[in-house]
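Just so you know, all these numbers are worked out from the coordinates, no wet-lab data involved. Given the structure is predicted, the values throughout are model-derived calculations rather than measurements. No Cβ is skipped: glycine too gets one built from the backbone with ideal geometry, and neighbour counts run over all protein chains shown.
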Amino acid sequence: RKEVEQDPGPFNVPEGATVAFNCTYSNSASQSFFWYRQDCRKEPKLLMSVYSSGNEDGRFTAQLNRASQYISLLIRDSKLSDSATYLCVVNMATSYDKVIFGPGTSLSVIP
Amino acid sequence: DTGVSQNPRHKITKRGQNVTFRCDPISEHNRLYWYRQTLGQGPEFLTYFQNEAQLEKSRLLSDRFSAERPKGSFSTLEIQRTEQGDSAMYLCATDAGNSGNTIYFGEGSWLTVV
C-alpha cells in the first residue's frame with residue numbers, strides 16, 4: 001500500500017459545481033497534513049493546512065479524520081482558475097519529519 | 001516568490017553525462033528536501049537534510065545520485081552517468097523545522113536526458 005493515496009481523477013466539472021477530493025494515508029503516527037495545488041509545469045504551492053477540527057478558507061474546506069486516516073478537500077462554486085492538480089501531503093513524523101506527497105488529483109473546470 | 005532558489009532551471013544533457021543541481025533555501029530554514037517529479041505523478045521523496053545531516057535517502061536514490069548540504073545552507077544534487085529515465089523535474093523544498101510548518105518549494109530544475 002502506498003503511503004499516501006488519492007482519488008485517481010481526472011475530475012471534469014462545470015463552473016459553479018462543488019467537487020470533493022479524498023486522500024488516505026497509511027501511517028497512523030502522521031502529525032500534519034496539507035493540501036497543495038500545482039499548476040502545469042510549475043512547483044507545488046500550499047493551498048491550506050488541514051486541522052483535526054476542520055478548516056475553511058473561502059470556497060475551500062478541508063477535513064481530517066484521524067481514526068479513518070482520511071483527509072478531504074471540498075471546493076465550492078468552482079472557478080475556471082481552480083483547474084490544477086491537487087496534492088495531498090502528509091508529514092509522517094517518524095523519528096524525524098518525512099513529508100510525503102500523494103500522486104495528485106487533476107481538476108478541470110469547464111465553462 | 002517563495003525564496004527557495006534552484007538552478008539551473010533547465011538542463012538538457014546526453015546520456016552518460018553527469019549533472020549537478022543546486023538549491024539555495026530560505027535563509028532560516030534548517031530542513032531541506034529533494035523530490036523528483038515526472039509528468040502526471042506527484043513529487044517522489046528522494047532525500048532529506050536537517051542542517052548538514054542527511055537523515056534519509058529514498059531507495060529511489062540509486063548509487064548514481066548523491067546529495068550534499070556541506071554547511072547546512074545550500075544543497076547540491078548530483079546525478080552521475082545520466083540515463084533517459086532520469087528525465088524529470090527535480091524539486092527542492094525547505095521548511096523552518098517545526099512539525100506543521102509550511103514547506104516551500106523552489107521552481108524546480110527540469111532535466112532532459114537525450
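Quick one: how many lysine pairs does the stretch A:1-107 have with C-alpha atoms less than 21 Å apart and a gap of 8 or more or different chains? Give me the count, please. If you can, show how the numbers build up before the last one.
Values: A:LYS2/A:LYS98; A:LYS42/A:LYS79; A:LYS45/A:LYS79; A:LYS45/A:LYS98.
Close lysine pairs under the 21 Å cut-off: 4.
Post the alpha-carbon centroid distance, the stretch A:13-39 to the stretch B:69-114, in whole angstrom.
A separation of 23 Å, based on Cα centres.
Please list the non-local residues whose amide H lies under 5 Å from the amide H of A:PHE11, H modeled 1.01 Å from N, same-chain partners needing a gap of 5 or more.
A:SER106, A:LEU107, A:SER108
Whole-Hz ³J(HN,Hα) for each residue in the stretch A:77-88, computed from phi via Karplus 6.51 cos²θ - 1.76 cosθ + 1.60 with θ = phi - 60°, x for glycine and proline: what do you get?
6, 3, 10, 4, 6, 7, 4, 4, 9, 10, 10, 8
Can you tally the net charge around B:GLU68? Count Lys and Arg as +1, Asp and Glu as -1, for every other residue whose Cβ sits under 13 Å from the Cβ of B:GLU68.
+2
Express the relative contact order of the stretch A:1-41 as a whole percentage, based on alpha carbon pairs under 8 Å and six or more residues apart in sequence. Write out the running numbers ahead of the final one.
Working: 21 pairs, mean separation 18.9, N = 41.
The value is 46 percent.
So for chain B, averaging the separation of alpha carbon pairs under 8 Å that are six or more residues apart and normalising by length, what relative contact order in percent results?
Once normalised by length, the contact order is 37 percent.
For B:THR47, what residues show an amide H to amide H distance below 5 Å, using hydrogens built from the backbone and excluding near sequence neighbours?
Amide H neighbours of B:THR47: B:TRP34, B:SER58.
What shape does chain A take by its C-alpha gyration tensor, where a ≥ b ≥ c are the square roots of the eigenvalues and a/c under 1.5 counts as rounded, a/b above b/c as prolate, and the rest as oblate?
prolate
What is chain A's relative contact order, in percent, from Cα pairs under 8 angstrom and six or more apart in sequence?
37
What does the extension gain come out to for A:ARG76 and A:GLU5, with contour length at 0.36 nm per residue minus their alpha carbon separation?
23.3 nm
What net charge do the residues around B:LEU77 carry, taking every other residue with its C-beta under 12 Å from that of B:LEU77, with Lys and Arg at +1 and Asp and Glu at -1?
+3
DSSP beta bridges in the protein assembly as shown, what fraction antiparallel, as a percent rounded to 5?
Values: 70 of 78 bridges.
Roughly 90 percent of the beta bridges in the protein assembly as shown run antiparallel, per DSSP.
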